[in-house]
Amino acid sequence: MNKLMICSIVAILVMSSVFPRGDASILDCWKTWSRCSGWSSGGTGPVWSSCQDKCEEKGYNTGKCELVDSNCPFVDKAYQCRCYGKTS
């Protein structure tokens, strides 16, 4: 992992312990950011599969990163992977 990825993960962990908000957890942020965020794109390939590859693995034709409401307590909107076209 590169230094930016490690620093980002550490920053998120620190923020989650300093600014807890309701039932949200650090896992919500990981699910939000791990695949489609620009700053986390360095992990695509070595750490996790691309959105398209993830959706194909789940039996869909297409995967797209789309701006949606975030479950992470630190941002209102975030890019998340959405899968379309379930294959039979």
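Residue check: is I26 surrounded by 14 or more Cβ atoms within 10 Å (Cβ to Cβ), modelled with pLDDT under 70, closer than 14 Å to C72 by Cβ and in contact with a Leu (Cβ under 7 Å, 6 or more places away or on another chain)?
Values: surrounded by 14 or more Cβ atoms within 10 Å (Cβ to Cβ): yes; modelled with pLDDT under 70: yes; closer than 14 Å to C72 by Cβ: yes; in contact with a Leu (Cβ under 7 Å, 6 or more places away or on another chain): yes.
Yes.
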Which members of the range 56-78 meet the condition of being touching a Cys at 6+ places or on another chain (Cβ under 6 Å) and in contact (Cβ under 8 Å) with a residue 40 or more places away in the chain?
-> C72
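How many of the residues in the range 31-70 are at pLDDT 80 or above and over 17 Å from I9 (Cα atoms)? Can you show your working first?
Within the range 31-70, the subset at pLDDT 80 or above is 36, 48-70.
Of the ones still in play, those that are also over 17 Å from I9 (Cα atoms) are 49-70.
Result for the range 31-70: 22.
Could you grab me the full set of residues in the range 36-88 that are part of a strand (DSSP E or B) and surrounded by 15 or more Cβ atoms within 10 Å (Cβ to Cβ)? Spell out how you get there, then give the answer.
From the range 36-88, those part of a strand (DSSP E or B) are 44, 48, 60-69, 77-86; that's our starting set.
Selection gives T44, Y60, G63, C65, A78, Y79, Q80, C81, R82, C83.
The values are calculated or read from the model by the stated rules, or taken from the named source; none is laboratory data. Worth saying up front: this structure is predicted, and the values here are computed from it rather than measured. Backbone-built Cβ (ideal geometry, glycine too); neighbour counts: all protein chains shown.
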